[in-house]
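Student: Here's a structure for you.
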Amino acid sequence: MTLHDLCMYSMNDFEKQVWDNLIADIKYRIFEADIPDVPLNIIEHQVDNNTAICIPYQRYKGYHRMEGFYDIAIGDRGGENELLLTKDGEKAKNHILEDIAHDISFEYTISTPEYKAGLNIPINERDPRDDYRKDWFALLLQIEKQVLKYEEFQAEVIKYEKCMNHHFKSQFWVFDENSMEFRYNEGENSSAVKL
């Protein structure tokens, strides 16, 4: 079955039940998590958005008894991109939980007055300690710590530390698991910027 076929596929009753069970577990994990400061409407919006089986011209998700769980994105110029194709239900669950955590934290961060106040400042004129991604990724990791297994959470910490340090010659940012925030690495300074 091609990715295009999966995008057009309608699940049968059995497949729909498998999918619904996965989504019920995902919703339970998200709504049981203690997500600080984030309004419920943002959480509900992103859970609904990320568990929908079809967002026309964007994403198609579901379960096929032969192919397994799938998540396919449609590019803005056509063509399908496989984001997930697995028979492993735990892997599928984590994939969707990561998407939800990413989107909740992003939507919340860009709605804050602090973000809006700094929106028009060019990045090369800013102190890197004011990088809005610091708050976004910290919230994302706070959510993921509650909904993912510890090993998967650790992999996400490494991934987002790499993102935060992309433009630096050495590790400018470190994620502190005790305070659950990115902190400025005192051993480094802003002259470490690659730009």
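The values are calculated or read from the model by the stated rules, or taken from the named source; none is laboratory data. As the structure is a prediction and not an experimental result, all values here were calculated from the model. Counting neighbours? That spans all protein chains shown, and the Cβs are built from the backbone with ideal geometry, glycine included.
Student: Which of the residues that make up the range 120-149 are modelled with pLDDT of 85 or more and of a type in the set (Val, Ile, Thr)?
Tutor: Within the range 120-149, ILE143, VAL147 qualify.
Student: Kindly indicate which of GLY68, GLY79 is at positive phi and touching a residue at least 12 places away in the same chain (Cβ under 8 Å).
Tutor: GLY68
Student: Here's a follow-up. So the check is Cβ under 7 Å with 6+ separation or different chains; which pairs have a first residue in the range 137-156 that's in contact (Cβ under 8 Å) with a residue 12 or more places away in the chain and over 17 Å from TRP173 (Cβ atoms) and a second one that's of a type in the set (S, T, N, Q) and crowded, with 19+ Cβ neighbours inside 10 Å?
Tutor: ILE143/SER105; LEU148/ASN94; GLU152/ASN94
Student: On to the next question. Out of the range 1-40, which residues are among the acidic types (Asp, Glu) and within 20 Å of the chain's Cα centre (by Cα)?
Tutor: Correct list: ASP25, GLU32, ASP34, ASP37.
Student: Filter the range 45-90 down to residues that are surrounded by fewer than 16 Cβ atoms within 10 Å (Cβ to Cβ) and among the acidic types (Asp, Glu), then give me how many there are.
Tutor: 5
Student: Next question, about the same structure. Only one of these is at pLDDT 95 or above and closer than 24 Å to TYR108 by Cα: ALA24, ALA73, ALA52. Name it.
Tutor: ALA24
Student: Looking at (1) of a type in the set (Val, Ile, Thr); (2) assigned to a loop (DSSP other than H, G, I, E, B); (3) under 20 Å from LYS149 (Cα atoms), which is the only condition ILE30 fails?
Tutor: Condition (2) is where ILE30 drops out.
Student: Something else about it: Kindly indicate whether any position in the range 98-119 is free of Cβ contacts under 8 Å to residues at least 12 places away in the same chain, over 25 Å from LEU6 (Cα atoms), in a helix (DSSP H, G or I) and among the polar types (S, T, N, Q).
Tutor: The answer is no; no qualifying residue exists.
Student: Hey, another quick one. Identify the residue in the range 150-172 that is part of a loop (DSSP other than H, G, I, E, B) and crowded, with 18+ Cβ neighbours inside 10 Å and, among all such residues, is modelled with the lowest pLDDT.
Tutor: Within the range 150-172, the match that is modelled with the lowest pLDDT is PHE172.
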